[in-house]
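**Student:** Following this message is one structure expressed as structure tokens.
The values are calculated or read from the model by the stated rules, or taken from the named source; none is laboratory data. Quick caveat, the model's predicted, so the values are computed rather than measured. Neighbour counts are summed over all protein chains in view; Cβ atoms, including those assigned to glycine, are modelled from backbone coordinates with ideal geometry. The accessibility values were calculated without ligands, DNA or RNA, using every heavy atom of the protein model including side chains. Shrake-Rupley method; radii C 1.70, N 1.55, O 1.52, S 1.80 Å.
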Amino acid sequence: MDGNGVLAKEREEEVMIQEQLIAKTRKKEKLSMIIPFFGIIFITVFFAIVTKGNTLSPSNLNNIMNQSFSIIIVAVGAVFVYSHGGMDMSVGAVQGLSSVVVASLILQGAIPGWMVLPVSILVGTVTGFTTGAIHVTIGVPAFVVSLCMRYIATGITRTATSAKDLYIPYNDFSFWNKGMIKLVVLLLVIGIGYIAFKYTRVGKYLKAIGGNKITAGQSGINVKKYTVLAYMILGSTVGLVSFFSLTRTGVVSSSTGQGFELDILTAIVLGGFPLSGGAKSKISSAILGAITVAILTNGLILWGADPNIINGIKGVLFLIIVYLSYERRKGEVVS
Amino acid sequence: MIKECLLETKGIYKSFGPTRALVDVSIQVCRGEIRGLIGENGSGKSTLSSIVAGAQTADKGEMFFKGEQYLPKGNVDAQKQGISMVVQEMGTIPGITVASNIFLGNLNQFSKSGILSISKMNKAAKKILTEIGVPEINPSMFIDKLNFEDRKIVEIARAMYTEPEVLIIDETTTALAQKGRTLLYKLIDKMHKENKAVLFISHDLDELMSVCNNITVLRDGNLIDTLEKEDMSIDKMRRLMVGRELKGNYYRSDYDGSYGKEVVLDIRQATTGVNVENFSLQLHKGEILGIGGLSDCGMHEVGRVAFGIDKPLTGEVKLIKDDVLISNPQVAIRNKMGYVSKDRDKEALILNASIKDNITLPSLPILENGFIITNKSESELANQGVDQMEIKCYSPEQRCNELSGGNKQKVVFAKWIGNGSDILILDCPTRGIDVGVKANMYQLMYQLKKEGKSILMISEELPELIGMSDRILIMKDGLIQKEFARSEELSEQDIIDYMI
């Protein structure tokens, strides 16, 4: 009787310790999910204080909205690439390319107004396809292929705008730049991205490829096909964003889109998204990261930082975040 | 004779996330002792040994080595202090030479003002390789040129060159054939005679009985008992490991060996770039067809070809019923084939994904409703797999890298049972798995056979081939040497002659 009592007590203790351990792990997981939120709140408050509230003025909030719009949409597209362990360094250049192609077609009167949006998306998708297809067929790392794609696209944009910047009659498209329309587009992209990533084969397969390419292949996934598809999805979001920024500003210059890929990369890392991809990839991380980048860029400008130095600051920040989230033992970023 | 304690652990605790790997483990190993360490997968034996070897640190507890407190800063440090370990997984680094592998992390001794003397290093490597009995391995050769077994032997050389006083051997013999085993037993005997100590982890209870002086049993991270030589018996060890009596037969009990007439999978004259030449076999409905041989005999490649992972250069793999040629794993899976790779962690599982994600992966097309795959349908399939395979976990959301080897293998099986595969290609299905789980796997295979499913079982373990197969094909150098039918009289010795 006594012996049994002791045993039961020991067992109870065992269960308690086990539960504590599980709770501890859960807490750790939750904490890593909350940190990006704190990041946003921190920089919002920080910039509100140092700019004496300027960052929170209605006109500036509108600015932040506009900047977040582009970064969020492309970050959603980028989730498909980064989740399978890929990388795309051509995002900004492709935005430029897409703008140049569309602007030239408009200026030559070659396409009717309603075709502008589809063509813009098409250019992005085709470049994404090219990057992905070269990557999987000749086996060159996506990082390298996309860098080459960046030089090619930048070259085309510079050539086309070398004589003078291209101006389009942007009043024709003022409909698209109404706040409500953009909000609807943004929510649509997030919604479709979320469902495609979380509840369809596409997202699940890409996460599996990011987790283990060999296992994915042996489990019946056409690794090459889905890899190419990921770059096409990212490309299409770049094309979409290029349409909106072209019709908002009405101009394409040699610097259109410059440095955009680093904003995306920073957004991905700041949101706590694992750069190695895999099971922990989440759309929400990318969106949070995108908003953080937008607020950060905007805040730095209003604070009076030289625009030329902002990229430098972002670079330093990027390094710090990667350092903090790098899990040395596994050689993984953010786990 | 007064025994001098060489190594002692006191109250070691260790947990990985929510999994408790070790709970208050204290052991004493004396000079001259060959200590066996047994337990099911996940019992903590590998964790304990890697803490002793300095590869991991304990959450709590102390260790003493030669009477002094012992706090290794890593496995290189432990090795310098006199404790070496040969690990369970492949521990060699590809792309560098045998000698570089042996002296990994200790190259300084061969370098002078920053320049490494390759010839000195090779000479030292040659010396140690000769000492342990493999003068034929050339130290300047790239490690990739060696087969699995010889690479393991190189690891043993790496553990031995510092002349350790405690040698830890973790499941190494699973990867070794006769040559490697003999070599290892000799080393163990030498350690014993030199009054040093060995910690020996193995699933092979017969082997432990013959090699060890005493055996410590772990279960769920707790030290259960330490048996002296005179108390050891296979039954007792099994009972202590599992914590209950094992019921029923280990392998299947019938010797009828019958199977359906219908051929389901037909490999015709397949030749691959590596190891397989003009290979043909026919797998029947309801048949367990075993393929055995040495690890480089080509049988693993046959499995890969059968599932479409490697494409044969000539010849074909055909599913008879639907007249389909298997050209890649997607076609194979669409036609209800499943494949369990021998390399569980690298090929069969996504380690940092959840049990659920892993189980559902090949079944996603089946779960699709329109384009959408709901959480509910995934969870149902995963729960079903967890229940049916009795996977030990606190939730299907638990990540696979927190599971023990046996539980991981159950997840792999659940993948293919879950999508209703009719033909299973199992490459070393019980490699590195303890008795309890093994028995489950054998029962499952037999049940599948009775349901009319077909199994191609590739195995390096003869007892398992003899115990489970309806037919056994023995391969050597990419060719089938001999076919055996199921029989009660069939012995390992009958088969071995055709393998070597």
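**Student:** Looking only at segment B:5-242, where both bridge partners belong to it, what percent of the DSSP beta bridges are antiparallel (to the nearest 5)?
**Tutor:** Values: 24 of 41 bridges.
Rounded to the nearest five, the antiparallel share is 60 percent.
**Student:** Here's a follow-up. For chain A, what is the relative contact order in percent, using Cα pairs closer than 8 Å and at least 6 residues apart in sequence?
**Tutor:** About 30 percent, as a whole number.
**Student:** Another question, then. Measuring from label point to label point, each 7 Å out along Cα→Cβ, what is the A:ASN171 to A:THR159 span in nm?
**Tutor:** Result for the modelled spin labels: 3.4 nm.
**Student:** Still on this structure, please answer the following. Cα centroids of segment B:8-48 and segment A:59-103: how far apart, whole angstrom?
**Tutor:** Centre-to-centre (Cα) distance: 52 Å.
**Student:** How crowded by other chains is A:219-230, given as the mean number of beta carbons from other chains within 10 Å of each beta carbon?
**Tutor:** That works out to 4 on average.
**Student:** At a Förster distance of 56 Å, what's the computed FRET efficiency of B:LYS66 paired with A:LYS30, Cβ-Cβ distance as r, to 0.05?
**Tutor:** 0.80
**Student:** Which order, highest average first, do B:363-369, A:140-146 follow once you tally other Cβ atoms within 10 Å for each residue and take the mean per peptide?
**Tutor:** A:140-146, B:363-369
**Student:** So how much slack lies between B:GLU483 and B:LYS145, counting 0.36 nm per residue of separation and subtracting their Cα-Cα distance, in nm?
**Tutor:** Gain in length upon complete extension: 118.6 nm.
**Student:** Sticking with this one: Most mobile of A:GLY113, A:GLY217, A:GLY124 per a Gaussian network model of chain A (Cα springs, under 10 Å)?
**Tutor:** Per the Cα network of chain A with a 10 Å cutoff, A:GLY113 tops the list.
**Student:** Measuring from centroid to centroid over Cα atoms, what is the spacing of segment B:253-293 and segment B:481-496 in Å?
**Tutor:** 16 Å
**Student:** Additional query: Ratio of alpha-carbon Rg to the 2.2 N^0.38 Å globular estimate for chain B, to two decimals, please.
**Tutor:** Against the compact-globule rule of thumb, the ratio is 1.02.
**Student:** At most 16 other C-beta atoms within 10 Å and a DSSP loop state: those are the exposed trypsin sites (Lys or Arg not before Pro) I care about. Give me the longest piece of chain A that has none.
**Tutor:** Counting at most 16 other Cβ atoms within 10 Å as exposed, the longest clean stretch of chain A is A:179-327.
**Student:** By its C-alpha gyration tensor, with a ≥ b ≥ c as the square roots of the eigenvalues, how is segment A:1-90 shaped: rounded for a/c under 1.5, else prolate for a/b larger than b/c, else oblate? Each step should come with its number before you reach the end.
**Tutor:** Working: a/c = 6.09, a/b = 2.25, b/c = 2.70.
Cα axes put segment A:1-90 in the oblate bin.
**Student:** Amide H to amide H, which residues 5 or more places from B:MET475 or on other chains are under 5 Å from it, using H placed in the peptide plane?
**Tutor:** Here the answer is B:GLY292, B:GLY293, B:GLN481, since their amide H atoms fall under 5 Å of that of B:MET475.
**Student:** Through the Karplus equation 6.51 cos²θ - 1.76 cosθ + 1.60, θ set to phi - 60°, convert the phi angles of segment B:319-334 into ³J(HN,Hα) values in whole Hz; use x for Gly and Pro.
**Tutor:** 8, 5, 4, 9, 6, 10, 8, 7, 10, 7, x, 4, 4, 4, 5, 4
**Student:** Out of all DSSP beta bridges in chain B, what portion is antiparallel? Express it as a percent rounded to 5. Don't skip to the answer; put the middle values down first.
**Tutor:** Numbers: 44 of 79 bridges.
Looking only at bridges with both residues in chain B, the antiparallel portion is about 55 percent.
**Student:** Mind checking the full-extension length gain between A:ILE17 and A:PHE129? Use 0.36 nm per residue of separation minus the Cα-Cα distance, one decimal, nm.
**Tutor:** Result for the pair: 35.1 nm of gain on full extension.
**Student:** On average, how many beta carbons from a partner chain sit within 10 Å of the beta carbon of a residue in B:350-363?
**Tutor:** For this peptide, the per-residue mean of nearby foreign Cβ atoms is 5.
**Student:** Between rounded, prolate and oblate, where does the protein assembly as shown land on the alpha carbon gyration tensor, with a ≥ b ≥ c its root eigenvalues, rounded for a/c under 1.5, else prolate if a/b exceeds b/c?
**Tutor:** Taking the square roots of the gyration eigenvalues as a ≥ b ≥ c, the protein assembly as shown is prolate.
**Student:** Find the sum over both chains of the accessible area lost when A and B are paired, probe 1.4 Å, and report it in Å² to the nearest 100.
**Tutor:** On the way: alone 17910 and 22720 Å², together 37920 Å².
In total, this chain pair buries about 2700 Å².
**Student:** Keeping all protein chains in the complex and leaving out DNA, RNA and ligands, what accessible area do you get for B:GLU131 with a 1.4 Å probe, in Å² to the nearest 10?
**Tutor:** Surface open to solvent at B:GLU131 totals about 110 Å².
**Student:** Let me ask you something else. State the Cα centre-to-centre distance between segment A:192-259 and segment B:131-202 in whole Å.
**Tutor:** Each part's Cα centre sits 49 Å from the other's.
**Student:** Would you calculate the separation in nanometres between label points at B:GLU277 and A:LYS178, each defined as 7 Å from the Cα along the Cα-to-beta-carbon direction?
**Tutor:** For the pair B:GLU277/A:LYS178, the computed spacing is 7.7 nm.
**Student:** Tell me the mean residue ellipticity at 222 nm calculated for chain B from its helices only (DSSP H runs of n ≥ 4, each -39500 (n - 2.57), averaged over every residue, nearest 500).
**Tutor:** My calculation for chain B gives -9500 deg cm²/dmol from helical runs alone.
**Student:** For the protein assembly as shown, which whole percent of the accessible surface, found with a 1.4 angstrom probe, sits on carbon and sulfur atoms? If you can, show how the numbers build up before the last one.
**Tutor:** Working: 21590 of 37920 Å².
C and S fraction of accessible area: 57 percent.
**Student:** Taking trypsin sites (Lys or Arg not before Pro) as exposed when DSSP calls them loop (any state but H, G, I, E, B) and at most 11 other Cβ atoms lie within 10 Å, what is the longest stretch of chain B free of them, the sites themselves excluded?
**Tutor:** Working: sites that count: B:LYS3, B:LYS73, B:ARG244, B:LYS247, B:LYS261.
In short, B:262-500.
**Student:** Let me ask something else about it. How much accessible area per residue does the protein assembly as shown have, counting only protein heavy atoms and a probe of 1.4 Å, in square angstrom?
**Tutor:** 45 Å²
**Student:** Mind checking the full-extension length gain between B:VAL76 and B:THR226? Use 0.36 nm per residue of separation minus the Cα-Cα distance, one decimal, nm.
**Tutor:** 51.1 nm
**Student:** Okay, moving on. From largest to smallest, what semi-axes in whole angstrom does segment B:378-500 give when each is the square root of 5 times an eigenvalue of its alpha carbon gyration tensor?
**Tutor:** Working through the eigenvalues yields semi-axes of 31, 15, 12 Å.
**Student:** Looking at the calculated P(r) for segment B:5-242, what percent of the C-alpha pair distances fall above 21 Å? Intermediate values should be presented prior to the final figure.
**Tutor:** Working: 15869 of 28203 pairs.
It works out to 56 percent of all Cα pairs.
**Student:** Kindly provide log₁₀ I(q)/I(0) values, in the same order as q = 0.21 Å⁻¹, from the Debye equation applied to equal alpha-carbon scatterers of segment A:197-335.
**Tutor:** Values, matching the q order: -1.34.
**Student:** Which value results when the Cα radius of gyration for segment B:263-499 is divided by 2.2 N^0.38 Å? Write down the numbers at each step before the final one.
**Tutor:** On the way: Rg = 17.5 Å, N = 237, 2.2 N^0.38 = 17.6 Å.
Computed over Cα atoms of segment B:263-499, the ratio equals 1.00.
**Student:** I want to check the label-to-label distance for B:ASN106 and A:THR137. Put each point 7 Å from Cα in the C-beta direction and report it in nm to one decimal.
**Tutor:** It is 5.1 nm.
**Student:** Apply the a/c threshold of 1.5 to the C-alpha gyration tensor of segment A:156-251 and tell me whether it is rounded, prolate or oblate.
**Tutor:** oblate
**Student:** Right, another one. Please check chain B for the longest run free of chymotrypsin sites (Phe, Trp or Tyr not before Pro) that are loop-located per DSSP (anything but H, G, I, E, B) and have at most 12 other Cβ atoms within 10 Å. Spell out each step's value before the answer.
**Tutor:** Numbers: sites that count: B:TYR255, B:PHE371.
With a cap of 12 other Cβ atoms within 10 Å, the longest stretch comes to B:1-254.
**Student:** Also, I was wondering about something else. Within 10 Å of each Cβ in A:198-208, how many Cβ atoms from other chains are there, averaged over the peptide?
**Tutor:** The per-residue average across the peptide is 4.
**Student:** To the nearest 500 deg cm²/dmol, what mean residue ellipticity at 222 nm is calculated for chain A from DSSP H runs of n ≥ 4 alone, each contributing -39,500 (n - 2.57), summed and divided by the residues? Intermediate results must be reported in sequence, preceding the final value.
**Tutor:** Numbers: 12 runs with 250 residues, N = 335.
Computed mean residue ellipticity for chain A: -26000 deg cm²/dmol.
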